[in-house]
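A short worksheet on the structure shown next.
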Amino acid sequence: MPEISVVIMTLNEEQKIERCLQSVKDIADEIVVVDSFSTDRTEEICKTFGVNFIRHPFEGYIEQRKYSIDQASHDHVLVIDADEELSEELRASIMRVKENWTHDGYHLNRLNSYCGQWIRHSGWYPDRKLRLFDRRKATVKGSNPHDEVFLNQGTTLKHIKGDLLHYTYLSVEEHIRQINRFTEIQAKGNFERGKKANCFSILFSPGYKFIRHYFFYLGFLDGYYGYLICRNMAHSTFLKHAKLKALWKIQNSKFKIQN
């Protein structure tokens, strides 16, 4: 039976971390928490669960995820965020995998809660994630602020039952603040990679995003919050492109002044 390290990243998570830790403590042989210097009670709460608590400067979501996985003592890893918890069904599925580990990685469905409502459409479910895997056969990739784990070539993958419960935003205001922060990171990352935004993407990508998620992904079945989610995703798309275009305008202005 393989031993499993549960790996969590934190920053000021005193309101959420206990729920997360309670859900994993019975399946974990080790819990590693990599913290970006929290100033609240996160460390105090974590230490009541006997975790390996490590402070590490935050250099980016992908970089922090790679670092946290590297700190695990065991090669079989379960990655979970502080605002997530295992459902009873998922916990049972992971226990069965632990008793008979047959694949290199296991993906699962994530069910998101938005302002207290579980969202089952809008492109937010099943929101499949690879979170349980042999780290020797996996790689962390993505584009900040979104990290993602991928299995290497020639590996095997299996889906397991049960939902990873994700408590996203308690209010619409919190969602809008996160959109503003994430689109700043995305725009800067795209700018550094030399990507550009044009007027077509600024004008039409947001509308396409809304139509796809609200109508084709059945966001309207999620009611009022389904509409807000799809509307905010469209706004996020607009901001990502608009901020990128603004960065290129600043760059071009500097170039003209220098010449």
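Data overview
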item: Set G189, G194: member being in a loop (DSSP other than H, G, I, E, B), out of contact with any Cys (no Cβ under 8 Å at 6 or more places or on another chain) and more than 21 Å from H74 (Cα to Cα); result: G194
item: Residue check, K137 open to solvent by 20 Å² or more (accessible area, probe 1.4 Å), out of contact with any Asp or Glu (no Cβ under 6 Å at 6 or more places or on another chain) and within 21 Å of L78 (Cβ to Cβ); result: no
item: Filtered residues of segment 112-124 (kept if of a type outside the set (G, A, S) and surrounded by fewer than 19 Cβ atoms within 10 Å (Cβ to Cβ)); result: C115, Q117, W118, R120, H121
item: Residue that is farthest from E18 (Cα to Cα) [pool: residues in segment 157-170 that are in contact with an Asp or Glu (Cβ under 8 Å, 6 or more places away or on another chain) and open to solvent by 60 Å² or more (accessible area, probe 1.4 Å)]; result: L157
item: Given (1) open to solvent by 50 Å² or more (accessible area, probe 1.4 Å); (2) part of a helix (DSSP H, G or I); (3) free of Cβ contacts under 8 Å to residues at least 12 places away in the same chain, index of the condition Y225 fails; result: (3)
item: Subset tally (residues that are over 15 Å from the mean Cα position of the chain (by Cα) and free of Cβ contacts under 8 Å to residues at least 60 places away in the same chain) for segment 116-126; result: 2
item: Residue selected from segment 193-219 under the condition in contact (Cβ under 8 Å) with a residue 60 or more places away in the chain and open to solvent by 40 Å² or more (accessible area, probe 1.4 Å), by the criterion farthest from A242 (Cα to Cα); result: L218
item: Exclusive hit being of a type in the set (G, A, S), in contact (Cβ under 8 Å) with a residue 12 or more places away in the chain and over 29 Å from G189 (Cβ atoms), set S113, S87; result: S87
item: Residue match in segment 26-34 (condition: open to solvent by less than 50 Å² (accessible area, probe 1.4 Å) and under 17 Å from the mean Cα position of the chain (by Cα)); result: yes
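The values are calculated or read from the model by the stated rules, or taken from the named source; none is laboratory data. Since the structure is predicted, the reported quantities are computational estimates derived from the model, not experimental observations. Using ideal geometry, Cβ is built from the backbone for each residue, glycine included, and neighbour counts are taken over all protein chains shown. The area values use the complete protein model at the heavy-atom level, side chains included, leaving out ligands, DNA and RNA. Shrake-Rupley method; radii C 1.70, N 1.55, O 1.52, S 1.80 Å.
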